[in-house]
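Chemist: Pasting a structure here, questions to come.
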Amino acid sequence: MLRVLAVDDEEPALEELLYLLRADPRIRSAEGATGATEALRRIGSAVEAGPDDPAAIDVVFLDIHMAGLTGLDVAQLLAGFAAPPLIVFVTAHEGFAVHAFDLKAVDYVLKPVRRERLAEAVRRVAEQVGGRSAPAHDTAHDQIPVELGGVIRFIPIDDIAYAEAQGDYARLHTAAGSHLVRVPLTTLEERWRTRGFVRIHRRHLVALGRIDELRLDAGAMSVRIGTAELAVSRRHTRALRDLLMRQTGR
């Protein structure tokens with residue numbers, strides 16, 4: 001049975017969210033806060049009182065765009081707590097999903113909130129509180145959230161063959177299709193370096209294990225990944241060749 005704090009500075013939206021939460025049989029209690037300052041005060045008191053106190057909070061359902069401190073600001077502050085509650089973001093803006101999961105959010109629910117989608121978020125929280133699933137940060141490390149038709153989906157990073165820079169965005173290519181995410185390629189390069197991804201060009205980051213062929217033509221190098229042929233820039237040629245040689249044990 002979960003103890004919930006919902007935070008939204010728009011009272012109609014807050015009341016609707018509380019109504020849906022209180023209708024879920026897995027929710028013991030659901031209280032509301034109309035701003036970040038009030039939410040931080042209540043969370044601070046709950047953490048200080050301990051998990052067995054009647055005022056304890058298991059999870060915060062948190063709007064992102066609020067007057068003053070945003071929901072992302074609140075999540076960053078909560079990261080400094082010794083034992084903070086879990087976080088589920090509830091927002092009308094899909095563009096912050098990657099940042100939200102970097103902040104160890106359990107889920108990211110888009111407004112208008114659907115009962116079925118909220119029930120899925122509650123299920124994820126209940127599993128983590130009950131200790132039956134991996135910690136929240138594993139989701140951020142093993143998957144990346146993408147927006148598909150107004151719904152946030154989770155794509156396993158291991159399914160991504162390569163990523164392509166598109167300004168401040170990156171397009172992720174998988175066998176099933178491609179997905180545009182609001183995160184620069186340089187950021188993905190830093191995050192995924194230990195997962196076998198390597199930069200081959202200012203426009204492309206590739207998974208080493210997905211390279212089918214390495215081609216040399218008049219001194220120019222390229223790689224084939226499935227049906228895609230990607231150029232390797234001169235500055236990355238030697239490093240890529242050395243990595244592939246080590247990978248094959250040659």
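The values are calculated or read from the model by the stated rules, or taken from the named source; none is laboratory data. Source: prediction; values computed, not measured. Cβ atoms come from the backbone with ideal geometry, glycine included; neighbour counts cover every protein chain shown. These area figures cover heavy atoms from the full protein model, side chains too; ligands, DNA and RNA do not enter into them. Shrake-Rupley method; radii C 1.70, N 1.55, O 1.52, S 1.80 Å.
Chemist: I'd like to verify a number: residues in the range 155-179 that are open to solvent by less than 40 Å² (accessible area, probe 1.4 Å) and not acidic (D, E), how many?
Modeler: Looking only at the range 155-179, we keep the residues that are open to solvent by less than 40 Å² (accessible area, probe 1.4 Å), and these are 155, 157, 160-165, 170, 172-174, 177, 179.
In the following step, the residues that additionally are not acidic (D, E) were identified as 155, 157, 160-163, 165, 170, 172-174, 177, 179.
Residues meeting the conditions: 13.
Chemist: So, one more: When you check A30 against the structure, is it open to solvent by 30 Å² or more (accessible area, probe 1.4 Å) and either touching a residue at least 60 places away in the same chain (Cβ under 8 Å) or more than 19 Å from D73 (Cα to Cα) (or both), yes or no?
Modeler: On the way: open to solvent by 30 Å² or more (accessible area, probe 1.4 Å): no; either touching a residue at least 60 places away in the same chain (Cβ under 8 Å) or more than 19 Å from D73 (Cα to Cα) (or both): yes.
In short, no.
Chemist: Tell me, which helices (runs of 4 or more DSSP H) wholly within the range 33-128 include 3 or more residues that are within 20 Å of Q143 (Cα to Cα) and touching a residue at least 24 places away in the same chain (Cβ under 8 Å)? Quick ask: steps written out before the conclusion?
Modeler: Details: elements: 36-49, 71-78, 97-102.
Correct list: 97-102.
Chemist: Okay, moving on. Only one of R182, R202 is open to solvent by 60 Å² or more (accessible area, probe 1.4 Å), out of contact with any Pro (no Cβ under 8 Å at 6 or more places or on another chain), basic (K, R) and over 17 Å from H99 (Cβ atoms). Can you tell me which? Before you say what the answer is, go through the steps one by one.
Modeler: Working: R182 fails: over 17 Å from H99 (Cβ atoms).
Testing whether each residue is open to solvent by 60 Å² or more (accessible area, probe 1.4 Å), out of contact with any Pro (no Cβ under 8 Å at 6 or more places or on another chain), basic (K, R) and over 17 Å from H99 (Cβ atoms) leaves just R202.
Chemist: Has the range 203-219 got at least one residue that is touching a strand residue (DSSP E or B) at 6+ places or on another chain (Cβ under 7 Å) and at positive phi?
Modeler: Kept after step one, since they are touching a strand residue (DSSP E or B) at 6+ places or on another chain (Cβ under 7 Å), are these residues of the range 203-219: 203-208, 210-215.
Applying the additional criterion that residues be at positive phi yields none.
No, the range 203-219 contains no residue that is touching a strand residue (DSSP E or B) at 6+ places or on another chain (Cβ under 7 Å) and at positive phi.
Chemist: Under 7 Å between Cβ atoms, at least 6 apart or on separate chains: pull out the pairs that start in the range 145-160 with a residue that is within 21 Å of R210 (Cα to Cα) and at pLDDT 90 or above and end on any residue that is among the small types (G, A, S) and assigned to a strand (DSSP E or B).
Modeler: I160/A207
Chemist: Within the range 215-225, is even one residue open to solvent by less than 30 Å² (accessible area, probe 1.4 Å), closer than 29 Å to I152 by Cα and modelled with pLDDT of 85 or more? Break it down into steps so the answer makes sense when it comes.
Modeler: Step one: list which residues in the range 215-225 are open to solvent by less than 30 Å² (accessible area, probe 1.4 Å), which gives 221-223, 225.
If we keep only those that are closer than 29 Å to I152 by Cα too, we end up with 225.
If we keep only those that are modelled with pLDDT of 85 or more too, we end up with 225.
Within the range 215-225 (the criterion being open to solvent by less than 30 Å² (accessible area, probe 1.4 Å), closer than 29 Å to I152 by Cα and modelled with pLDDT of 85 or more), the answer is yes, since at least one residue qualifies.
Chemist: State all residues of the range 33-70 that are loosely packed, with under 14 Cβ neighbours inside 10 Å and charged (D, E, K, R); if no residue qualifies, say none.
Modeler: Residues satisfying the conditions are R41, E48, D52, D53.
Chemist: Going by the conditions given, is F89 surrounded by 14 or more Cβ atoms within 10 Å (Cβ to Cβ), within 22 Å of F154 (Cβ to Cβ) and modelled with pLDDT under 90? Reasoning before the result, please.
Modeler: Working: surrounded by 14 or more Cβ atoms within 10 Å (Cβ to Cβ): yes; within 22 Å of F154 (Cβ to Cβ): yes; modelled with pLDDT under 90: no.
Considered against the rule, which asks whether it is surrounded by 14 or more Cβ atoms within 10 Å (Cβ to Cβ), within 22 Å of F154 (Cβ to Cβ) and modelled with pLDDT under 90, F89 comes out as no.
Chemist: Could you list, in sequence order, all residues of the range 185-199 that are open to solvent by less than 20 Å² (accessible area, probe 1.4 Å) and more than 14 Å from I211 (Cα to Cα)? Even if it seems obvious, please write down each step before you answer.
Modeler: Our first condition is that a residue be open to solvent by less than 20 Å² (accessible area, probe 1.4 Å); within the range 185-199, this holds for 185, 188, 192, 197.
If the condition is that a residue be open to solvent by less than 20 Å² (accessible area, probe 1.4 Å) and more than 14 Å from I211 (Cα to Cα), then L185, L188, W192 are the ones that fit.
Chemist: Here's a follow-up. Anything in the range 119-144 that is open to solvent by less than 50 Å² (accessible area, probe 1.4 Å) and modelled with pLDDT of 60 or more? List them, or say none.
Modeler: A119, A121, V122, V125, A126, Q128, G130, I144 - these are the residues of the range 119-144 that are open to solvent by less than 50 Å² (accessible area, probe 1.4 Å) and modelled with pLDDT of 60 or more.
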